[in-house]
Structure formats: structure tokens, C-alpha cells
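Let me begin by presenting the structure, written as C-alpha cells, before commenting on it.
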Amino acid sequence: MDDHGTLWVLADNNTLIDRYFLGEPAASYYLEFDGLRILLDTGYSDVFLQNAEQLGIDLGHLTHIVLSHGHNDHTNGLWALAKAYDLTGIPIITHPRCLLPRWYEEEYIGPPDKGMLPPGCDHHPSAEPLWLSEHCVFLGEIPVTHDFEQRRPLGRILLDGQEQPDLLTDDTALACKTPEGLFIVTGCSHSGICNIVSHAQHVCGEARIAGILGGFHLPRANSRVQKTAAFLNSLHPGSLYPCHCVSLTAKIELAKVLPIQEVGSGMCIEF
């Protein structure tokens with residue numbers, strides 16, 4: 001296999017000094033690994049397309065589109081992508097509940113067009129881990145293995161024609177097996193970043209963590225952040241890149257014991 005991969009941050013809440021790319025409160029990442037060209041999430045608008053063009057990345061040659069979960073700040077750009085490129089036959093990998101309508105109070109926060117996919121897309125819904133190549137896996141539904149990361153409802157989801165509390169069981173991530181261990185890429189980690197890491201270790205049969213990039217869903221500094229830091233520190237991970245939905249105060253707490261790196265739109269990481 002290729003002994004390294006490359007990831008570009010196409011959209012993030014943050015931008016970087018002297019790196020003139022657009023930011024928005026959303027997430028989109030492009031990965032080249034193990035012969036794959038994967039777009040993980042599509043942000044909230046066409047910002048990821050503009051940044052990809054500036055980076056010289058041709059999203060017309062994707063091998064996979066992966067949606068980490070169904071919130072609009074991760075899925076809204078899908079139709080902008082479909083207008084820019086022919087997506088016929090490109091596998092779109094999601095959890096089975098990812099494309100269902102959902103709301104927070106009175107605001108619609110689900111995927112565009114109430115979950116309708118662009119024509120020609122090859123949808124592959126899976127709650128089970130799905131290997132995209134020999135060394136890259138879509139983790140599927142994340143089990144709860146850490147008591148401090150129990151699922152709590154966030155808004156409502158339409159299930160079997162009825163609105164129900166949304167436990168975000170569709171929230172998932174990618175794991176890439178490298179010679180240095182797993183490199184995990186998350187969207188928001190509503191399922192719990194520690195739950196995600198433990199599941200990735202189980203699915204991949206690999207305990208070492210080379211790195212983690214993505215939203216850790218830690219909007220404030222509290223006891224959960226401290227427990228998260230303690231668990232991740234016990235794994236002696238490589239570089240960690242918390243972004244998108246991680247507050248400054250949470251990053252400060254994590255950085256006291258972990259190798260935290262800055263993230264922003266346009267950033268390129270080799271792992």
C-alpha cells in the first residue's frame with residue numbers, strides 16, 4: 001500500500017494567517033489514500049468547491065463521497081457539487097439514517113432537498129463498517145463504549161413518518177490504516193470522539209493512533225473534555241487536529257496534555 005496519505009481541509013470554521021481561503025461554520029475534507037480520492041462531507045455551501053479550485057484539486061475524479069452525518073453544515077454542498085460535476089456512478093457512502101429530514105426547534109437542519117440525492121448517484125447506506133479499500137474503512141454506526149459519551153437527543157428526526165428525538169446514530173467517521181497506526185477523520189463526532197476511536201481500533205484491529213482530524217463536538221470546557229483528554233492521552237497519539245465544532249476553551253484544555261495542532265481552510269496534512 002502507499003505508506004502515507006494526504007488530506008486537504010476544503011472547509012472549516014477557521015482560516016489561517018496568510019492562507020487566503022474561505023471559511024464557514026461547516027466541514028469538508030478531501031483525502032487521497034490507498035489509491036482512493038475521497039470527499040468527506042460537503043460543507044454548508046459551495047465554499048469547499050471554491051477552495052478546491054484554488055488548491056488545484058479536481059473533484060471531478062472522486063472515487064467516493066462520504067457523508068459523516070445528516071446535518072446541513074456537512075451535506076448542504078452536495079447539490080453544488082452535482083451542478084459542477086457529473087456524479088453518475090460515484091458511490092455515496094452514508095449511514096442509513098443520514099439523509100432523513102431533521103429539525104432543531106423550528107429550523108430545518110437536515111440534508112438538502114429533504115434527503116433527495118442528485119440523479120445518477122450510487123448510494124450505499126450502511127450501518128456496518130464498509131471497507132472502501134484494503135486499508136480505509138467507513139466505520140458505520142458507532143457503539144457507545146464510554147459512559148461519559150452517552151447519546152443525547154439534538155433536535156428531531158423523521159423516522160417512519162413520525163418526528164422523534166434525534167440521537168444522531170448516523171454520525172460516523174473514516175479510519176485509515178497507516179504504518180504508524182490509525183489516522184481517523186471525523187465530521188462532528190456527535191457519537192463521541194472516544195467512542196469513535198475505540199470502534200475504529202476494534203474494526204481495524206489496531207491500537208495505535210497516528211492522528212485524528214475533525215470535529216470532536218466539544219462546544220465548551222467541562223468534565224467531558226477532561227475525560228476525553230485523559231482517554232486520548234492514554235493512547236499516546238500522534239498529532240491531533242480538533243476543528244469545526246470544538247471551542248477555544250475546549251482546545252486549551254486538550255492542549256494541556258495532548259499534541260494539538262491548528263486547523264483551517266486550505267490546510268494540507270500528510271499522514
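The values are calculated or read from the model by the stated rules, or taken from the named source; none is laboratory data. A quick note: this is a predicted structure, and the numbers were derived from the prediction, not measured. Using ideal geometry, Cβ is built from the backbone for each residue, glycine included, and neighbour counts are taken over all protein chains shown.
Values for this structure:
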| quantity | calculated |
| --- | --- |
| Subset of the range 122-134 [within 16 Å of Leu40 (Cβ to Cβ), over 16 Å from the mean Cα position of the chain (by Cα) and touching a residue at least 40 places away in the same chain (Cβ under 8 Å)] | Ser133 |
| Selection within the range 236-255 - more than 22 Å from Ser28 (Cβ to Cβ) and in contact with a helix residue (DSSP H, G or I) (Cβ under 7 Å, 6 or more places away or on another chain) | Glu253, Leu254 |
| Matching entry among Leu39, Leu62 (being crowded, with 21+ Cβ neighbours inside 10 Å and at pLDDT 95 or above) | Leu39 |
| Residues that are basic (Lys, Arg) and either surrounded by fewer than 19 Cβ atoms within 10 Å (Cβ to Cβ) or without any contact (Cβ under 8 Å) to a residue 24 or more places away in the chain (or both), drawn from the range 65-105 | Lys83 |
| Qualifying positions in the range 39-53 - among the polar types (S, T, N, Q) and under 18 Å from Ile90 (Cα atoms) | Thr42 |
| Helices (runs of 4 or more DSSP H) (entirely within the range 34-90) containing at least 1 residues that are within 14 Å of Thr186 (Cα to Cα) | 72-75 |
| Condition check for Leu132: of a type in the set (A, V, I, L, M, F, W, C), buried (at least 20 other Cβ atoms within 10 Å of the Cβ) and within 20 Å of Cys204 (Cα to Cα) | yes |
| Filter pass, Ala26 being part of a helix (DSSP H, G or I) and not hydroxyl-bearing (Ser, Thr, Tyr) | no |
| Residues located in the range 104-121, provided they are farther than 15 Å from Pro91 by Cβ, among the hydrophobic types (A, V, I, L, M, F, W, C) and within 20 Å of the chain's Cα centre (by Cα) | Ile109 |
| Odd one out for Asn76, checked against (1) touching a strand residue (DSSP E or B) at 6+ places or on another chain (Cβ under 9 Å); (2) under 23 Å from Pro153 (Cβ atoms); (3) among the polar types (S, T, N, Q) | (1) |
| All positions within the range 1-16 that are among the aliphatic types (A, V, I, L, M), at pLDDT 95 or above and not in a strand (DSSP E or B) | none |
| Residue satisfying condition, being closer than 16 Å to Ala173 by Cβ and of a type outside the set (Ser, Thr, Tyr), within set Leu248, Leu218 | Leu218 |
| Residue in the range 227-271 that is farthest from the chain's Cα centre (by Cα), counting only those that are of a type outside the set (A, V, I, L, M, F, W, C), crowded, with 16+ Cβ neighbours inside 10 Å and in a helix (DSSP H, G or I) | Glu253 |
| Condition check for Ile142: crowded, with 17+ Cβ neighbours inside 10 Å, farther than 17 Å from Asp41 by Cα and not basic (Lys, Arg) | yes |
| Filter result (part of a loop (DSSP other than H, G, I, E, B) and either free of Cβ contacts under 8 Å to residues at least 12 places away in the same chain or touching a Lys or Arg at 6+ places or on another chain (Cβ under 6 Å) (or both)) within the range 151-168 | Gly155, Asp160, Gly161, Asp166, Leu167 |
